[in-house]
Each structure stands twice: as structure tokens, then as C-alpha cells.
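Down below is the structure, laid out as C-alpha cells.
The values are calculated or read from the model by the stated rules, or taken from the named source; none is laboratory data. Values in this document were obtained by computation on a predicted structure and should not be read as measured data. Every residue, glycine as well, gets a Cβ built from its backbone with ideal geometry; the counts of neighbours run over all protein chains shown. Calculation scope for accessible area: heavy atoms of the full protein, side chains included, ligands and nucleic acids excluded. Shrake-Rupley method; radii C 1.70, N 1.55, O 1.52, S 1.80 Å.
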Amino acid sequence: MPRLVLVTGGSGGIGSAVAQRFVGSGDDVVITGRDADRLARAAEATNARPVVCDVARPHDVADLVAGLGRPVDVVVGMAGGNTGFDDAAPAPSDADTPAEADRLAAAADAWRANLDANLISTVLTVEATLPQMREGSSIITVGSIGAEYAGSSYGVAKAAVQAWTAGLSAKVGPRGITANCIAPGFIDETGYFRGKLSVERRERLIGATHDKRAGLPADVAGLTWFLASPQARHVTGQTLHVNGGAHTTR
Ligand SMILES: NC(=O)c1ccc[n+]([C@@H]2O[C@H](COP(=O)([O-])OP(=O)(O)OC[C@H]3O[C@@H](n4cnc5c(N)ncnc54)[C@H](OP(=O)(O)O)[C@@H]3O)[C@@H](O)[C@H]2O)c1
């Protein structure tokens, strides 16, 4: 029987490439996203099975996993992104609310949005799939190079994903399950920047790499596939960077 692979955020640039990589090796792949049309297009392009689901919502995740019908062999928690790039909500108009309270309320909302989108979504996905997972299964979460400079809610959310994954590895290791986090640097051909990446910033991001190129979704897909392969069973508890050297570890 083929492995069951769940890729949340499978309708996006990196998630679609990951789904395609696993489908290409004969796995049964389920992809999720919130936008049904975008998800359907990705499913058609990759031959993965689409399930519309907001993985930051506990009910959605419970329904998703109940509908899978059998244990997941590989979980890829790709869903996420920097909610700071989303269009801002209109400012509150309640004239009785002090301006400072408005400012703090907006800050709290912005932080919660990134924690929900990146940390809570990942935790819920793993919480829901882990009880049924069997020996030999793999959990792959997604951090970011932004976690190395965690001065923003997005960077902090991704740093938390990376730290949580390391702790998760210790818990699931005795069951023969691995848990690793992939931290991408700048990856081109995705919806991540919501069309707001300036030419200058793009050049700066590429200039910071050792190989002087943008990362591509396939770069991340290759590592994801390896981490779920039999060759990677002793690789666990790690954050693995895919960034062309823009951030180095030793
Ligand atoms: N591209 C980069 O340079 C870069 C760098 C570092 C890290 N990353 C991380 O890589 C991951 C993939 O991003 P990407 O670059 O491929 O961007 P993307 O094209 O915007 O893809 C994001 C995917 O996540 C889905 N998603 C977001 N929130 C979701 C939710 N609550 N429930 C279900 N699906 C959700 C999106 O679909 P819907 O919007 O339809 O839900 C989409 O499929 C993200 O975690 C991102 O933070 C990207």
C-alpha cells in the first residue's frame, strides 16, 4: 500500500512542489488549503487529493484527519506565511476607546495572527495525526530563516515551530517516528510575499546567499522527501536550512 502523505498548505508554491515530489514516488498525497479554487488547481497540477481546510481551526483539522481514514505516514506542516503581508483590516472606529489601547489591541491581533498561521496550525496538524502514526513515520514542520532574526511576530512564530519540533522529536523518537523542521531562506515562485517584494529587496536577498541565486520550491521538496525516506531514520530533532548559505550553521 502506498504511504499516506499529508501536506498542509499544498496549494502554495513550496507545498505544491512537495506534493508533486511525493506523488512522483508513488505516494498517496493529500493537500490542504483554504482557497478552494487555488487548491483545486494545485490538485490538478500535482495529482494530489485536495481537502479544503483551515489548519489553524481545531474543528477543520479534526474533520480533515477523520476523513483520511487511515494513519498518516508523513506529515508536512507547510501551511503558513507572514500575515503581516496580508491586507490590513480597517482601523477601529470606536471614539471612546483610547488611542493607546487601539494600538496595543492592533499589536496583539497582529501577533496572534502570525502565531495562529504558523505555530498553532502546525501544532494542531501534528496533534491530530500523531496518535495514529506508526513506527517509521515522519513529521516535517516548516520554520524560516526569519527565525534567526526573531524581531517580528512571524520570526518568533517560526522560531517557536523550530524549538517545538526539537522537543517533539524527543517525545516521538521512542515510537520510531522522526520530527524535523525545514527552515527555508528566500524561495522564489511562491505566493509568500503577496506580490509585495521590491526589486531591491529581492536583489538583497539573493546577494546574501553564497550561490547567488534564489531558492526554488524544488530545493525544499528534495530535502522534505529525503527526511521522509528510509535513509533519514537517524536524522531527527533538527532544523535543516535551505537558504544557499544566507544563514550558516556549524
Ligand atoms: N517563500 C519563502 O521565501 C519562504 C521563506 C521561509 C519560509 N517560508 C514558509 O514556507 C511555507 C510555504 O509558503 P510558500 O512560500 O509556498 O507561500 P504560499 O505560496 O503563500 O503558500 C502558503 C500555503 O499555505 C496555505 N495556508 C496558509 N494558511 C493556511 C491555513 N490556516 N490553513 C490551510 N492552509 C493555509 C496557503 O493556502 P490558502 O491561502 O489558500 O490557505 C498556501 O497553500 C510557509 O510556512 C512559509 O512561512 C516561505
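List of remarks:
- Accessible carbon and sulfur surface of the chain relative to its total accessible area, %, 1.4 Å: 55
- Dipole magnitude (debye, nearest 20) for the stretch 1-81, charges at Cβ of Lys, Arg, Asp, Glu: 100
- Note on the chain: with charges restricted to the Cβ of Lys and Arg (+1) and Asp and Glu (-1), its dipole about the Cα centre is near 920 debye.
- The chain, helix-only ellipticity at 222 nm - DSSP H runs n ≥ 4, -39,500 (n - 2.57), divided by all residues, nearest 500: -12500 deg cm²/dmol
- Zone residues, the stretch 195-227, relative to Arg134, backbone N less than 18 Å from point 7 Å out along Cα-to-Cβ: none
- The convex hull built on the alpha-carbon positions of the stretch 12-141 has an orientation-averaged projected area of 9.4 nm².
- Each label was represented as a point 7 Å from its Cα along the Cα-to-Cβ direction; for His59 and Phe226 these points are 4.2 nm apart.
- Cut-off under 5 Å, modelled amide H: who pairs with Val29 long-range: Val5, Arg49
- Sites Ser25 and Arg213 - FRET efficiency at Förster radius 22 Å, r taken between beta-carbons, to 0.05: 0.30
- Proximal charge balance of Arg213 [Cβ under 10 Å; K/R count +1, D/E count -1]: -2
- Relative to one another, the C-alpha centroids of the stretch 194-250 and the stretch 4-22 are positioned 16 Å apart.
- Convex hull volume per residue in cubic angstrom - Cα atoms of the chain: 145
- Å² of accessible area per residue within the chain, as computed with a 1.4 Å probe and no ligands counted: 50
- Each label was represented as a point 7 Å from its Cα along the Cα-to-Cβ direction; for Tyr149 and Arg34 these points are 2.7 nm apart.
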